[in-house]
Amino acid sequence: MSEYIALPRVLSLRLSPDGTRLVSVVQSLNPDRKSYGTALWEIPLDPEGRPQRLTRSAKGEAGAEFTSDGEVLFVSRRPDETVKDEAEEVPALWLLPERGEPRRIAERPGGVSGVRAAGGTIVYAADVLPGDAATEGERRKARKEAGVSAILHEAYPIRYWDHDLGPAQTRLFAAVAGAVPDRLDGRDLTPQPGRALDQASFTVTPDGATVITTWNVPLPGGTLRSELVAVDLGPAAGEGAAASGDGEGTELAGTGQTGPGHRVLATSESHDFGGPVAVSPDGRFVACTRERHASEELSSAYGLWVIDLETGEGRALGGELFPMDIAWAPTSDVIFIAADHQGRRPIFRVPVTGAEDGEPVRITPDDGAYLELCPAADGSVYALRSAVDAAPTPVRVAPDGAVTALPSPVPALDLPGTLTEVSAVADDGTEVRGWLVLPAGASAENPAPFLLWIHGGPVSSWNDWSWRWNPWIMAAHGYAVLLPDPCLSTGYGQAMIDRGWAKWGPVTHADLMAITDECLKLPEIDDQRIAAMGGSFGGYMANWVAGHTDRFRAIVTHASLWNLEQFSGTTDASMYWEREFGRPGNERYARLSPHNSLAEIRTPMLVIHGDKDYRVPIGEGLRLWWDLQRSGVESKFLYFPDENHWVLKPGNAVAWYQTVLAFLSQHVHEEEWTHPAALA
C-alpha cells in the first residue's frame, strides 16, 4: 500500500507554440508522507530521452501554460524572496524562462487561480471581493481580524464540491506579455461578474485580442444556465490602471451584469455551453461543449459545438460523442476530441470543413483513455494515455494511430493480475459490457472471491486508470473485480442513457445483475464469496442493491445517496437533479429512493462519507448510518472529517483500503474482524 500511494502521478501536458517542448504537472508524495506536492517536469519528445524536473518548492506548482514566446507560466504559493513583508501566502502567477529561475509576475490579495496566454496576451483568473479593487487587501485584512467568516447570499448556489462560494467573485485580468516585466499590470476585464465566472473555462484568441469564456446566467427559482461570451480587450491589455468597476459597460444579454466589450457568442434557454473551450489557430472558430437541459421526460445530452466567429452561427459536430477534451489541429480544419466509446476513450478526428464535415473518425484503435490533447504541426497528437490497466503517461499518437510512449516520471507498473473484457445481455436485449480484473493465480482450482464495483456519475464509464478506487489493490489481495457499464453509462450512444433516465434503481440493478451472473459462471471466480461496492451514484446503487437482493455477503457504500428528496435540496447542484426527478413531492423520489427499502436490507454494510462532501452532503451518510443502526443491520461507519466526495490524502487513502479490506475479510472470508492499523 505504501508503494502505491508513493507513485508519482502525471496530471497534465502542454506543448510549446513552436512544438519543441512538452511540460507536465506531476504530483508526488511529500517527504512527510502526509500530503502530495506538485512540480513542473519537461517531457522529452525523443523516446530515448529522460524527463527533467523544472521546479522545486515546498508549496508546489500547477496550471502550466506556455506564453507565445515559449516561456512557462504557472501558479504557486511559493514565497518570493524579492518581496518583503508579504501578506498571507496565496497562489500567485509565476513565469519560468527556458533558461533561468522562475519569478513572480502577478498577484492578487485573493490569489490567482488559472492562466491562459496567446498572441502576446496573458489572462489570469483571480478571486476578488466586490468593491474597489485598490482597497481589497485592507478589506480582507479587516475581515480576518474581526473574525468574520459569514457570507450573505442572495442567489443560488452557495457551495461547490468541497468549498464555499463567496464573498469573493472570480474575475479575469489581462496584460500584455511582451518581454514580461517583473510585475504584470493586469486590467480587470470583468469588474461586476457576480457568480458568472465560477468554475469558468476560458481561453485567448490567437491574436491576443479577445478572451472567450463560459458565463453563468442566474435564472428565477434558483436555476441558472451557462453561455459562451467573448470579451474584446480593445487597447493593449496591459495599458492603463486596473479597472475599478465603476465605468460604463455593455450589458451582457440575460446576465444583468456589465462589462466593456462583451459579446454573447452562444446562448440557449434549453442548453448549457461549457468547457473545454478552444479557438482555432486561424481565429475563425471556437469549439466548446453543449449540454441539453434535461427534464423528467428528456435525458441530458452532450456534444461538440462549433461557432463561426465571423458569422456567429453555431452547429453541432461529432454526432453523439461527448468530448472530454478538445484541441484544434494547427491547420484549423480539424478538431481532435477525446470521447468515451465502448469502455475506452479514443482520440477522434472531426473535420470542420470539406466533404466529411463533422463526421468523426477514430484514430486510436487501442484500449487507451486519452486526455490532454496537444496536436503538432506534423499531424501527430501528444497526449496522456491511461487505461484501466495503465496509469497516465505521455505518448505521441501518429496520424495513422500508432502510439509511441514517451519517457515519463511515472515508473512502469507490474500489475498483479490480468484484464478481460466481459459482456452480458440485459432484459431488453441491450448488450451490457465491462472490464473484469482477475488476480494472478485465479483458476478453477483456486477461484477468486468476487467484487462488483459500480461507477459514479451516473453519466460516466469505467475506462481509465483510477487513483481513488484502484481495482489492482484488490487484485493484489486476491479479489476479482468487475467494472461494469450499465445503463446511463457514456460511450454507448444516447439510447444507453435514455434506458436509465429517471429509472435509476430498477433498470441499473437489472443490468448489474445480468453481467454479474455472466462473470460468476467463470471457473476462475468463486460464485459464493461475492460483495458489491460503489461510490457517489455507485453508492446509491450499492444502497439499492442492499435493499433488493441478499446475494452479496457484504456491501461497501461510499459518498452515497440514501434519501433522494433530502439529497435534492442539500446538494450543491440541486437544479441539476430536479430536472430529472422533478420538484420535491414527485412520486419518483419515493419510487427510486433507496431508503424506502430499509426493511429489506439484511447484508452487512460499510458506510463511508467525508464531512467536506458538498455534492452528496454528509447528511446522507449520517441518515443511512442511523437507519441501519436503528434497524439492527450489521454495519460500520468510516467517517473522514477532512475529506470531500473522495478520499485524497495519503494517510486517509491507506485507512480507506485497509478498512474496506478488513470489512471484506470479515464477511467474504468469514475471518475475525481486525481493526485497521491506519486507524489505530
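The values are calculated or read from the model by the stated rules, or taken from the named source; none is laboratory data. None of these values were measured; they are calculated from a predicted model. Quick reminder, even Gly has a Cβ in these numbers, built from the backbone with ideal geometry, and neighbours come from all protein chains shown. SASA here: full protein model, heavy atoms, side chains in, ligands and nucleic acids out. Shrake-Rupley method; radii C 1.70, N 1.55, O 1.52, S 1.80 Å.
Counting just the residues of region 473-495 that are in a helix (DSSP H, G or I) and open to solvent by 10 Å² or more (accessible area, probe 1.4 Å), which one comes out nearest to VAL660 (Cα to Cα)?
Ranking the candidates gives ILE473 first.
Just one of the numbered conditions (1) under 19 Å from SER201 (Cα atoms); (2) in contact (Cβ under 8 Å) with a residue 24 or more places away in the chain is not true of GLY312; which one?
(1) is the only condition that GLY312 fails.
Would region 332-339 turn up any residue that is part of a strand (DSSP E or B) and charged (D, E, K, R)?
Within region 332-339, not a single residue is part of a strand (DSSP E or B) and charged (D, E, K, R).
For residues that are open to solvent by 20 Å² or more (accessible area, probe 1.4 Å) and part of a loop (DSSP other than H, G, I, E, B), scanning just region 169-183, find the one that is nearest to ALA209 (Cα to Cα).
Checking each candidate, the answer is GLY178.
If you go through region 128-137 one residue at a time, do you hit one that is open to solvent by 70 Å² or more (accessible area, probe 1.4 Å), out of contact with any helix residue (DSSP H, G or I) (no Cβ under 9 Å at 6 or more places or on another chain) and over 26 Å from VAL231 (Cα atoms)?
Checked against the condition, which is being open to solvent by 70 Å² or more (accessible area, probe 1.4 Å), out of contact with any helix residue (DSSP H, G or I) (no Cβ under 9 Å at 6 or more places or on another chain) and over 26 Å from VAL231 (Cα atoms), region 128-137 yields no hits at all.
Of all residues in region 452-470, count the ones that are open to solvent by 10 Å² or more (accessible area, probe 1.4 Å) and within 23 Å of GLY651 (Cα to Cα).
Final tally of qualifying residues: 5.
Please work out which one of (1) within 25 Å of PHE537 (Cα to Cα); (2) touching a Gly at 6+ places or on another chain (Cβ under 9 Å); (3) open to solvent by less than 50 Å² (accessible area, probe 1.4 Å) is the condition ALA442 fails and give its number.
(1)
List pairs: first residue in region 268-283 and assigned to a strand (DSSP E or B), second residue open to solvent by 20 Å² or more (accessible area, probe 1.4 Å) and basic (Lys, Arg) anywhere in the structure, Cβ distance under 7 angstrom, at least six positions apart or on different chains.
Pairs found: HIS271/ARG290; HIS271/ARG292; ASP272/ARG225; PHE273/ARG290.
Looking at ILE122 and the list (1) on the phi > 0 side of the Ramachandran plot; (2) touching a residue at least 60 places away in the same chain (Cβ under 8 Å), which single condition is not satisfied?
(1)
Has region 91-108 got at least one residue that is open to solvent by less than 70 Å² (accessible area, probe 1.4 Å) and at positive phi?
Scanning region 91-108, I find at least one residue that is open to solvent by less than 70 Å² (accessible area, probe 1.4 Å) and at positive phi, so the answer is yes.
Kindly check whether there is at least one residue in region 670-678 that is among the polar types (S, T, N, Q), touching a helix residue (DSSP H, G or I) at 6+ places or on another chain (Cβ under 6 Å) and within 25 Å of THR508 (Cα to Cα).
The answer is no, given that none of the residues of region 670-678 is among the polar types (S, T, N, Q), touching a helix residue (DSSP H, G or I) at 6+ places or on another chain (Cβ under 6 Å) and within 25 Å of THR508 (Cα to Cα).
Being touching a helix residue (DSSP H, G or I) at 6+ places or on another chain (Cβ under 8 Å) and either part of a strand (DSSP E or B) or closer than 20 Å to GLY100 by Cβ (or both) is the filter here; which residues of region 18-74 pass it?
Answer for region 18-74, where residues must be touching a helix residue (DSSP H, G or I) at 6+ places or on another chain (Cβ under 8 Å) and either part of a strand (DSSP E or B) or closer than 20 Å to GLY100 by Cβ (or both): LEU29, TYR36.
Considering only residues that are part of a strand (DSSP E or B) and surrounded by fewer than 19 Cβ atoms within 10 Å (Cβ to Cβ), which ones fall in region 292-313?
The answer is ARG292, ALA301, ASP308.
Taking PRO8, is it surrounded by fewer than 14 Cβ atoms within 10 Å (Cβ to Cβ), out of contact with any helix residue (DSSP H, G or I) (no Cβ under 7 Å at 6 or more places or on another chain) and not polar (S, T, N, Q)?
Spelling it out, it is not the case that PRO8 is surrounded by fewer than 14 Cβ atoms within 10 Å (Cβ to Cβ), out of contact with any helix residue (DSSP H, G or I) (no Cβ under 7 Å at 6 or more places or on another chain) and not polar (S, T, N, Q).
Report yes if VAL432 is of a type in the set (Val, Ile, Thr), open to solvent by less than 10 Å² (accessible area, probe 1.4 Å) and within 24 Å of the chain's Cα centre (by Cα), otherwise no.
The answer is no for VAL432.
May I ask you to list the residues in region 217-230 that are of a type outside the set (A, V, I, L, M, F, W, C) and surrounded by fewer than 22 Cβ atoms within 10 Å (Cβ to Cβ)?
Within region 217-230, PRO218, PRO220, GLY221, GLY222, THR223, ARG225 meet the criteria.
Please state which of the following conditions LEU13 fails to meet, knowing it meets all the rest: (1) hydrophobic (A, V, I, L, M, F, W, C); (2) free of Cβ contacts under 8 Å to residues at least 60 places away in the same chain; (3) open to solvent by less than 20 Å² (accessible area, probe 1.4 Å); (4) within 30 Å of TRP469 (Cβ to Cβ).
(2)
Sort out which residues of region 153-168 are loosely packed, with under 15 Cβ neighbours inside 10 Å and either in a loop (DSSP other than H, G, I, E, B) or of a type in the set (Val, Ile, Thr) (or both), and write them in order of number.
Once the filter is applied, which keeps residues that are loosely packed, with under 15 Cβ neighbours inside 10 Å and either in a loop (DSSP other than H, G, I, E, B) or of a type in the set (Val, Ile, Thr) (or both), region 153-168 yields HIS153, GLU154, ALA155, ILE158, TRP161.
Within region 663-677, can you find the residues that are open to solvent by less than 10 Å² (accessible area, probe 1.4 Å) and free of Cβ contacts under 8 Å to residues at least 24 places away in the same chain?
Across region 663-677, the qualifying residue is only PRO676.
Look through ALA510, ALA502, ALA546 and report the one residue that is assigned to a helix (DSSP H, G or I), open to solvent by less than 10 Å² (accessible area, probe 1.4 Å) and either of a type in the set (Gly, Ala, Ser) or without any contact (Cβ under 8 Å) to a residue 60 or more places away in the chain (or both).
ALA546
Can you tell me which residue is farthest from SER380 (Cα to Cα) among those in region 16-37 that are hydroxyl-bearing (Ser, Thr, Tyr) and open to solvent by less than 30 Å² (accessible area, probe 1.4 Å)?
Filtering first and then ranking leaves SER24.
What strands (runs of 3 or more DSSP E) completely inside region 352-452 contain at least 2 residues that are of a type in the set (S, T, N, Q) and farther than 28 Å from GLU65 by Cβ?
417-425
Out of ILE515, ILE530, which single residue is open to solvent by less than 10 Å² (accessible area, probe 1.4 Å) and closer than 27 Å to ALA662 by Cβ?
Just a single option satisfies the conditions, and that option is ILE530.
Yes/no matrix, rows are residues, columns are (1) assigned to a loop (DSSP other than H, G, I, E, B); (2) within 19 Å of ALA554 (Cβ to Cβ); (3) in contact with a His (Cβ under 7 Å, 6 or more places away or on another chain); (4) touching a residue at least 24 places away in the same chain (Cβ under 8 Å):
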position: LEU598; (1), (2), (3), (4): no, yes, no, yes
position: ARG602; (1), (2), (3), (4): yes, yes, no, yes
position: VAL607; (1), (2), (3), (4): no, yes, no, yes
position: TRP625; (1), (2), (3), (4): no, yes, no, no
position: GLU643; (1), (2), (3), (4): yes, no, no, yes
position: VAL654; (1), (2), (3), (4): no, no, no, yes
position: GLN658; (1), (2), (3), (4): no, yes, no, yes
position: LEU661; (1), (2), (3), (4): no, yes, yes, yes
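Could you count how many residues in region 122-152 are outside any helix (DSSP H, G or I), modelled with pLDDT of 95 or more and out of contact with any Asp or Glu (no Cβ under 8 Å at 6 or more places or on another chain)?
12
Among the residues of region 38-46, is there at least one that is over 29 Å from VAL381 (Cα atoms), among the β-branched types (Val, Ile, Thr) and in contact (Cβ under 8 Å) with a residue 60 or more places away in the chain?
no
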